[in-house]
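The structure appears below as structure tokens.
The values are calculated or read from the model by the stated rules, or taken from the named source; none is laboratory data. As the structure is a prediction and not an experimental result, all values here were calculated from the model. Note that each Cβ is placed from the backbone with ideal geometry, even for glycine, and that neighbours are counted across all protein chains shown. With ligands, DNA and RNA removed, areas are computed over all heavy atoms of the protein, side chains included. Shrake-Rupley method; radii C 1.70, N 1.55, O 1.52, S 1.80 Å.
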Amino acid sequence: MVKVPVKLVSWDEIVEWSFGLSRIVTRDGWRPDVIVAVARGGYVPARLLADFLDVNNMLSVQSQHWTEAARAEERAVLKYPFKVDLNGENVLVVDDIVDTGETLKLARDYVEENWNPGDVRTAALQWISSVAKFEPDYYYLEVKEWTWFQYPWTRLEDLKDFIKRILREDDRLNNGFTLEALTEVFREWYGVDPGEFGFYWDEAISSLVETGYLKKEVS
Ligand code: ADE
């Protein structure tokens, strides 16, 4: 039984989806003067949209999740709340995915209230409509069933997190295990084969050995 459904997204898909998203914006007859990337996930889609929409002006805000007093629910906070004057220019705020919707909504509201913009709209490559409390003005793909989309810009980070979660939560690996056993458990947990990650898999294992999460034992 897969515990966390994961889908690997390729660079080619990112380009295709970003291009498709740019066409949706264009077809709407609207063009932003400034593109704001929501860090960190929005960087690559925002840069591609700037290319496809022929927009030169870019800024970024970092919206991140924050656990309040060690409670389970998280809320988004703006990490560097700086101010600029956009003189009434139209703004497109871009993120990779709208999951709960909190991150993009917070960034949009912040820009609207603090940067003196004109029209502020939001865009994301993907929108998880079954869980999101916020619908972006523009999206390329609607997702119905919650999935973790493993984007190419977090391949190493995600992989390390995936493995750490197994080490924390799967009792079967408590008393020493082989790399083959970890591979098998990984497949079971995430529904993807570690082989799909290419060189990132070896890199993640080496990094986890270096940082003490995994111990190498030669018998
Ligand atoms: N960031 C927030 N939710 C996500 C998801 N479901 N997939 C990938 N990145 C995300």
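Could you quote the convex hull projected area for region 1-88, Cα atoms only and averaged over all directions, in nm²?
On the way: hull surface 35.9 nm².
Taking a quarter of the hull surface, the average projection is 9.0 nm².
As an exercise, use a Förster radius of 25 Å and the Cβ-Cβ distance of residue 65 and residue 203 to find the FRET efficiency, rounded to the nearest 0.05.
On the way: r = 25 Å, r/R0 = 1.01.
The value I calculate is 0.50.
Calculate the dipole size of the chain relative to its Cα centre from +1 charges on Lys and Arg beta carbons and -1 charges on Asp and Glu beta carbons; express the result in debye to the nearest 20.
Working: 25 positive and 39 negative charges, 64 e Å.
Approximately 300 debye in magnitude.
Can you list the equivalent-ellipsoid semi-axes of the chain, largest first and in whole Å, using the square root of 5 times each Cα gyration tensor eigenvalue?
Working: eigenvalues 270, 69, 49 Å².
So the equivalent ellipsoid measures 37, 19, 16 Å along its semi-axes.
Specify the inter-centroid distance of region 87-103 and region 1-38, based on alpha-carbon positions, in whole Å.
Answer, in whole Å: 12.
Considering only protein heavy atoms and a probe of 1.4 Å, how much of the accessible area of the chain is carbon and sulfur, as a whole percent?
Carbon and sulfur: 48 percent of the exposed surface of the chain.
Cα convex hull of region 152-210: mean projected area in nm², to one decimal? Spell out each step's value before the answer.
Details: hull surface 15.6 nm².
For the Cα atoms of region 152-210, the hull's average projected area reads 3.9 nm².
Counting heavy atoms of the protein chains only and a 1.4 Å probe, report the per residue accessible area for region 8-144 as a whole number of Å².
Details: 6900 Å² over 137 residues.
With the other protein chains kept in place, region 8-144 gives 50 Å² per residue.
To the nearest 10 Å², what's residue 163's accessible area with a 1.4 Å probe?
0 Å²
Which far-off residues, 5 or more places away or on another chain, put their amide H under 5 Å from the one on residue 141, with H placed in the peptide plane?
For residue 141, whose amide H was placed from the backbone, the distant partners under 5 Å are 126, 127.
Helix-derived [θ] at 222 nm for the chain: sum -39500 (n - 2.57) over DSSP H runs of at least 4, divide by residue count, nearest 500?
Working: 6 runs with 79 residues, N = 219.
Calculated at 222 nm, the ellipticity per residue is -11500 deg cm²/dmol.
If each of residue 116 and residue 85 carries a label point 7 Å out from its Cα toward its Cβ, how far apart are those two points in nm?
About 0.3 nm, to one decimal.
At 1.4 Å probe size, what's the solvent-accessible area of residue 82? Round to the nearest 10 Å².
80 Å²
Could you put 149, 199 in order of accessible surface area, largest first, with the 1.4 Å probe and the full protein assembly present?
Working: 149 20, 199 135 Å².
Per-residue accessible area, sorted high to low, gives 199, 149.
For region 152-210, what is the accessible area per residue in Å², given a 1.4 Å probe and the full set of protein chains?
Values: 3200 Å² over 59 residues.
Result: 54 Å² of accessible area for each residue.
When only the heavy atoms of the protein chains count and the probe is 1.4 Å, how do 3, 164 rank by accessible area, highest first?
3, 164
What distance in nm lies between label points placed 7 Å from Cα along the C-beta direction at residue 215 and residue 196?
Result for the modelled spin labels: 3.2 nm.
Taking every DSSP beta bridge that has both residues in the chain, what percent is antiparallel when rounded to the nearest 5?
Working: 5 of 30 bridges.
Antiparallel: roughly 15 percent of the beta bridges in the chain.
Among 82, 115, 52, which residue has its Cα positioned farthest towards the positive end of the charge dipole of the chain, with +1 placed on the Cβ of Lys and Arg, -1 on the Cβ of Asp and Glu, and the dipole taken about the Cα centre?
Farthest along the dipole direction, towards plus: 82.
Ignoring solvent entirely, what values of log10 I(q)/I(0) come out of the Debye formula for region 88-166 at 0.23 Å⁻¹ when each Cα is a single scatterer?
Here log10 of I(q) over I(0) equals -1.03.
When only DSSP loop residues count, what GluC sites (Glu not before Pro) in region 104-149 have their Cβ near at most 14 other Cβ atoms within 10 Å? Mind showing how you got there, number by number?
Working: sites: 112, 113, 142, 145; in loops: 145.
Answer by residue number: 145.
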